[in-house]
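Q: Got a structure for you, written out below as structure tokens; questions coming shortly.
The values are calculated or read from the model by the stated rules, or taken from the named source; none is laboratory data. All figures in this text were calculated on a predicted structure; none of them were measured in a lab. FYI the Cβ positions are ideal-geometry reconstructions off the backbone, even for glycines, and counts take in every protein chain you see. Each accessible area value is taken on the protein alone, full model and side chains, heavy atoms only, with ligands, DNA and RNA left out. Shrake-Rupley method; radii C 1.70, N 1.55, O 1.52, S 1.80 Å.
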Amino acid sequence: KEYNHLKLNFNFRNYIPIWRDRITFAYQLGTQLTLAGETPYYLNTHLNQLYLHRVIYEGLGGGNSVRGMLRNRILADGFVYANVELRLKLFSFHIGKELFYVGINPFLDYGQIAQRHLVKDAQLTGLDVEHNLDFTEENDIAPWQKPHFTAGCGVKVVMNDNFALSVDWARPFDSQDNSKPNSFYLKIG
């Protein structure tokens, strides 16, 4: 089957200094929506980017978007996400001519489906799609509409403001987003 589709991807990052260069409020807002056509399900976990930043394609969840949620947890035609964190430089020191600092960053991450992926041919999947996604109570929301929240804290060791070693710990608010209560991520960049 041939697929033709048009996607919109928007990502905005901002860093607001609170107190000199010691405390910074950082946030990221993003969305990815299908504007036209049909996207194959196996591409709906990918966070499309204009420039490839990583070797691994990744969607929502994992160490780079909604930390603490399983990687590629959300399979949808469209989603929204946000990250907020407070970056605190604890102390600085020199080793030779190199400047280092150690900091922590408590954070809160969010992701949610904005457009669900509808399986067009239920016979191929063996699923009663409408029944599985339906809900009965007027005040209830469908499972696919529920937000996904995670929170955690990271430790960063930075050399010369351009090389960072980061260790993040995160956990989901809801156990449906990860069977493990704690997740750890190690990143170098």
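Q: How much of the accessible area of the range 8-108, in percent, comes from carbon and sulfur atoms when a 1.4 Å probe is used?
A: C and S atoms contribute 64 percent here.
Q: Quote to one decimal, in nm, the extra length available between F163 and A36 on full extension: 0.36 nm per residue of separation minus the C-alpha distance between them.
A: Details: separation 127, 0.36 × 127 = 45.72 nm, distance 4.04 nm.
Full-extension gain reported as 41.7 nm.
Q: In nanometres, what is the gap between the two model label sites at I16 and E2, each 7 Å from Cα along Cα-to-Cβ?
A: Once both label points are built, they end up 4.9 nm from each other.
Q: Could I ask something else about it? Run through every distinct alpha carbon pair of the range 12-117 and return the Kirkwood hydrodynamic radius in angstroms, one decimal place.
A: Value: 15.8 Å, from the Cα pair sum.
Q: Also, quick follow-up: If R0 is 22 Å, what FRET efficiency do you get for K146 and V84 from their C-beta distance, rounded to 0.05?
A: Efficiency computed from Cβ-Cβ geometry: 0.65.
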